[in-house]
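Take a look at the structure set out below.
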Amino acid sequence: MADHLIHEMSASVAAAQIRSGSLSCEALMQACLARVVEREPQVGAWQFIDPKRALALAREADLRQPVGPLHGVPIGVKDIIDTADMPTSLGSLIYAKRQPDWDAACVAALRAAGAIVVGKTVSTEFAYFQPGKTRNPHQLLHTPGGSSSGSAAAVADCMVPVALGTQTAASVTRPAAFCGIYGYKASHGEFSLSGIRPFAESLDSLGLLARSVDDISLFRSVLLGRQHPDRQPASGPPRLALCRTSQWALVSPSMQQAVEALVQRCRQAGAVVSELVLPVQFDGLIESQKIIMAYEAARNYVFETTCHPGQLSEAFTVLTDIGRNLGQQDYRQAKDALRLAKRLLYSLVSEVDAWIAPAAIGEAPLATAGTGDPLMSRMWTALKGPSLCMPVSTGEQGLPLGAQLLALPGDDDRLLQVGQWIERMLETP
């Protein structure tokens, strides 16, 4: 690969070339940093970055044998995830100078496998709605989504091959969809959240943003402590379902067409695709997710709302005010609704490997309108299963459109196998 294209390498390919000796860690890091220099003034993906230190670490990595499967691979880390050697400001002026004493568990695991943290990527305020400086690399007037804004933009613009994100409603899925990359939200509880600022602990999950499913599988294996990642696609065409959900009428025509075209291509490639129609017990789950999120956030951010109210955005203040006014009975009823729906879901999807739904209501809106509507992921996040956003088309404005691949809680391996099958299918002429 030509030197000027090294920054476009996937993490899997780059790591393999570093192990074989055909690519140096320094060359890879220089290529990624050159891309940052070129594009960061426009895109604004980074909250903190130390290019000199990143390059020094890459040179040091070249002087020793690979320490793990990610040796020399540059990564970005969302700015609500603690790093011992870099500030973690949580997307808030309150914590602009905050310096953690240790790494979050996920950061420590990736570093132990050889990854090099280039910097901290922009997060919305406390991973909620107040946007940061980041813009969509495809069209700079548009949002990259939130809250994992900088992670999605940095990966989409080839500044790093992979970045960490988190999701409480749609904070990995929506940015991945808007930026035209892959976004994986793990099953709730799949990964350690130690060292990650909680927003709503019943909903929070760690996620990965990347340009291939192979990269997601590789990083997931490291986070789980596996010696050999399972990166083999499903042995044959999967059994899929299309779930339009009761929000289908709110989805843009171009997104509807993109999802239906994906389903048709899967059928043509041999997949059996059925319709998943959700019963009425699912109709109130979006509201249940909102209740749980507001209730828990209000109780997790008592210090900020009481000691620093003047430094909080209006959106965050409104959310925590709502949460404080919710009673424990409201909270329990919302959780009960989710438990009932989750039990029903197991019976509804017992005959499929995964199901497909829109990842967002449409293309990325203008940045002046905010980070976009999390509508299409709220219910699925609340049900605690894994999701994989896949870039499938472009809309009327020329911006990416993404579909969600979803599975039952704990079925992450199978979900990614199906995702690899679809990725390869889409790459076939």
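Once the chain from residue 102 to residue 224 is taken as fully extended at 0.36 nm per residue, the excess over their C-alpha distance is 42.0 nm.
Past 31 Å, Cα to Cα: identify those pairs from 97/335; 97/185; 120/185; 185/335, in the order given. Please list the in-between numbers first.
On the way: 97/335 37 Å; 97/185 29 Å; 120/185 19 Å; 185/335 20 Å.
Long pairs (Cα-Cα over 31 Å): 97/335.
Look at where the Cα atoms of region 358-409 and of region 268-301 average out, and the two centres are 13 Å apart.
Distance between the C-alpha centres of region 309-345 and region 21-61: 40 Å, rounded to the whole angstrom. Each Lys and Arg Cβ is given +1 and each Asp and Glu Cβ -1; about its Cα centre, region 3-223 then shows a dipole of about 200 debye. Between the beta carbons of residue 248 and residue 140, assuming R0 = 41 Å, the FRET efficiency works out to 0.85 to the nearest 0.05.
With the simple model of a label 7 Å out from the Cα in the direction of the Cβ, residue 19 to residue 414 spans 2.9 nm. Modelled spin-label separation between residue 314 and residue 265, with each label point placed 7 Å from Cα along the Cα-to-Cβ direction: 4.1 nm. The fraction of all Cα pairs in the chain landing in successive 10 Å bins from 0 to the largest distance is 5, 23, 34, 26, 10, 2, 0, given as whole percents. Take residue 329 and residue 306, extend 7 Å from each Cα along the Cα→Cβ direction, and tell me the distance between the two endpoints in nm. Output for this residue pair reads 2.6 nm.
Positive-end ranking of 81, 58, 183 along the dipole of the chain, with charges on Cβ about the Cα centre, is headed by 81. Here the extension length gained between residue 321 and residue 299 equals 6.9 nm, from 0.36 nm per residue of separation less the Cα-Cα distance. Would you please classify the overall shape of region 71-150 from the alpha carbon gyration tensor, given that a ≥ b ≥ c denote the square roots of the eigenvalues, rounded means a/c under 1.5, and beyond that prolate means a/b larger than b/c while oblate covers the rest? Oblate shape, in that a/c is at least 1.5 and b/c is the bigger or equal ratio.
Bear in mind these aren't lab numbers, they're just calculated from the coordinates by the rules spelled out. Computed from a prediction, not measured in an experiment: that's the story for all the values here. Virtual Cβ from ideal backbone geometry, glycine too; neighbours counted across all protein chains shown.
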